[in-house]
Amino acid sequence: MNTDSITIKLKISPNASKNEIVKNDNELKIKITAQPIENKANKALIEYLSKTLKIAKSKIEIVKGETSKEKTLLFKNISSEKILEIKSILT
C-alpha cells in the first residue's frame, strides 16, 4: 500500500467549552478544552484529531507552532485514501 504525508495549517483555540472543528472561508480552527500550559493543548489536539480521523497519534506531528495558536501539522505515513479523507474534513 502506498503511504504519503500531508501538512495542514490551522489555528487552535484552547480553553474551549468543547472539542470541535470550526471551518470558515479562509481558515481552519480547532477548539480544544485543554489549557495551553505544559503542552496540554498540543497533546489534546493530537488526541482529538487521532480519534476524529481514526489515525494513530504517532502519525500526527506538530512541525511548526509548538507554542503558538497557529500550527502546522504533519500527518505522515498514511494512505492516499486517508489523505483524501483528512482533506475533506480539514480543508
* To do: Examine the stretch 45-66 for a residue that is basic (Lys, Arg) and in contact (Cβ under 8 Å) with a residue 24 or more places away in the chain, and state whether such a residue exists.
  => no
* Looking at the stretch 33-43, which of its residues are modelled with pLDDT of 95 or more and in contact with a strand residue (DSSP E or B) (Cβ under 9 Å, 6 or more places away or on another chain)? -> ALA41, ASN42
* To do: Determine if the stretch 75-83 includes at least one residue that is touching a strand residue (DSSP E or B) at 6+ places or on another chain (Cβ under 6 Å) and closer than 23 Å to PRO14 by Cβ.
  => yes
* Would you point out the residue of the stretch 57-77, among those that are loosely packed, with under 14 Cβ neighbours inside 10 Å and in contact with a Lys or Arg (Cβ under 7 Å, 6 or more places away or on another chain), that is nearest to ASN39 (Cα to Cα)? => LYS69
* Structure fact -> Taking the stretch 1-32 and keeping only residues that are among the hydroxyl-bearing types (Ser, Thr, Tyr) and either surrounded by 17 or more Cβ atoms within 10 Å (Cβ to Cβ) or at pLDDT below 90 (or both), one is left with THR3
* Hey, THR72 of a type in the set (S, T, N, Q), closer than 16 Å to THR91 by Cβ, in contact (Cβ under 8 Å) with a residue 60 or more places away in the chain and touching a Phe, Trp or Tyr at 6+ places or on another chain (Cβ under 9 Å) or not -> no
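The values are calculated or read from the model by the stated rules, or taken from the named source; none is laboratory data. If you're wondering where the values come from, they're calculated on a predicted model, not measured in any experiment. Positions of Cβ are generated from backbone atoms using ideal geometry, with glycine treated the same way; all protein chains shown enter the neighbour counts.
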